[in-house]
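Single-structure report; data block below.
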Amino acid sequence: MNTLHYLTSPDLWRLYWPGVVAGVALAALCSALSVLVVLKRLAFIGQGVSHAAFGGVGVVALVGLTGALASSGPLGGLGAVVQFAIIFAFCLGAALLIGLLSGRAAEPDTAIGIVLVASMAAGAIMLHYAPSTVSWETFLFGSIIDVAWTDAGVAWGVALLAAGALWWFRRSLVFWAFDPVVARAMGVRHAAMNVLLMTLLALATVTAMKLAGVVLATALLVLPGAVALRLSTRWRPVLVTAAVTSGIGVLAGIILSFEMNWPTGPSIVCVLAVLFALARAGDRVRARVAPPAGTAP
């Protein structure tokens, strides 16, 4: 069992446990947001925001704050913080720009496509002129197993911050997510809820992308919610199912990568996709065996 060896060996556990702890934090951070993403049909927006991060990566590379330079450059330990702030600002700006363009200058999917390709193109050009070499694959799939304890601490800090915001605004957000028309009539401000969700999505995206790559960030923001909403329509069971699905996906993906020597990010995405396929199959079986509506048991 490679997993037990990697996580218990005196020479190796310090290398692998930070990735496991960070992965659990990302699972907790993205699971609740994924339910809102699926309910509001924002899966493509999440992908657009995550890919818009390439523009922020380009800015970071252009100013020389990638890789080891982030911690050993002229800003010292603040380099990693500045790097995070730049990418977060770029993601948040992209999310708000999509919201601004949607329904005014273009249809939502058109606005997402415009911001996505423009951000990626800007990032590619800035990476071309960057003083350090940056691999695109690093940002696509990342390497969560290579993170440090500092990164795991940042992940848990952001997860707790997002959880606090979701708990504080839980009633308005749930009302707005399930029935926006009635919510607006009851005084819930659509623009405020939209900005709040976009801000949390940008925060989750930049955290997950920095630690695990763009593809895994997108998967964690969509698949747990999609699985949970296949299995239940009640709010609390949906939240619990999304959290369990996200946790199983991350931990099973890490174990699979240890045992099979596969890349960790794609392994987690594959496990989450299989869980969605199982949930869909279970939903179809349940629909066939359930008695028709109005039939006495």
message: If Val188 meets every condition in (1) touching a Ser or Thr at 6+ places or on another chain (Cβ under 6 Å); (2) at pLDDT 85 or above; (3) more than 16 Å from Val38 (Cα to Cα) apart from one, which number is that one?
response: (2)
statement: Within segment 47-62, of all residues that are open to solvent by 10 Å² or more (accessible area, probe 1.4 Å) and more than 13 Å from Met126 (Cα to Cα), the one modelled with the lowest pLDDT is Gln47
statement: Of the candidates Ala183, Ala202, Ala208, the one satisfying the condition of being more than 14 Å from the chain's Cα centre (by Cα), open to solvent by less than 50 Å² (accessible area, probe 1.4 Å) and at pLDDT below 85 is Ala183
query: Val250 passes all but one of (1) over 30 Å from Leu97 (Cβ atoms); (2) open to solvent by 10 Å² or more (accessible area, probe 1.4 Å); (3) of a type in the set (Val, Ile, Thr); (4) not in a loop (DSSP other than H, G, I, E, B); which number fails?
result: (2)
task: Could you figure out which of (1) under 16 Å from Lys40 (Cα atoms); (2) without any contact (Cβ under 8 Å) to a residue 60 or more places away in the chain isn't true of Gly225?
output: (2)
- line: Output for Cβ contacts, cut-off 7 Å, separation at least six or different chains, first residue without any contact (Cβ under 8 Å) to a residue 12 or more places away in the chain in segment 260-284, second among the hydrophobic types (A, V, I, L, M, F, W, C), reads Trp262/Leu256
task: Hey, can you tell me all the residues within segment 267-285 that are more than 17 Å from Val20 (Cβ to Cβ), under 18 Å from the mean Cα position of the chain (by Cα) and not aliphatic (A, V, I, L, M)?
output: Cys270, Phe276
- request: Go over the candidates Leu116, Leu65, Leu78, Leu92 one by one and state the one that is surrounded by 21 or more Cβ atoms within 10 Å (Cβ to Cβ), under 19 Å from Ala155 (Cα atoms) and either at pLDDT below 80 or among the hydrophobic types (A, V, I, L, M, F, W, C) (or both).
  value: Leu92
Qualifying residue in segment 5-28 (condition: free of Cβ contacts under 8 Å to residues at least 12 places away in the same chain, surrounded by fewer than 24 Cβ atoms within 10 Å (Cβ to Cβ), farther than 25 Å from Phe90 by Cβ and among the β-branched types (Val, Ile, Thr)): yes
- prompt: Does segment 15-22 include one or more residues that are in a loop (DSSP other than H, G, I, E, B) and either modelled with pLDDT under 85 or of a type in the set (A, V, I, L, M) (or both)?
  reply: no
query: Checking Ser9 against (1) in contact with a helix residue (DSSP H, G or I) (Cβ under 8 Å, 6 or more places away or on another chain); (2) modelled with pLDDT of 75 or more, which test does it fail?
result: (1)
Unique residue being more than 28 Å from Leu15 (Cβ to Cβ) and either in contact (Cβ under 8 Å) with a residue 12 or more places away in the chain or within 19 Å of the chain's Cα centre (by Cα) (or both) when the list is Trp149, Trp176, Trp168, Trp156: Trp176
task: Determine, yes or no, whether Val35 is surrounded by fewer than 21 Cβ atoms within 10 Å (Cβ to Cβ), part of a helix (DSSP H, G or I) and at pLDDT 85 or above.
output: no
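The values are calculated or read from the model by the stated rules, or taken from the named source; none is laboratory data. If you're wondering where the values come from, they're calculated on a predicted model, not measured in any experiment. Every residue, glycine as well, gets a Cβ built from its backbone with ideal geometry; the counts of neighbours run over all protein chains shown. In case anyone asks, the SASA skips ligands and DNA or RNA and just uses the protein heavy atoms, side chains included. Shrake-Rupley method; radii C 1.70, N 1.55, O 1.52, S 1.80 Å.
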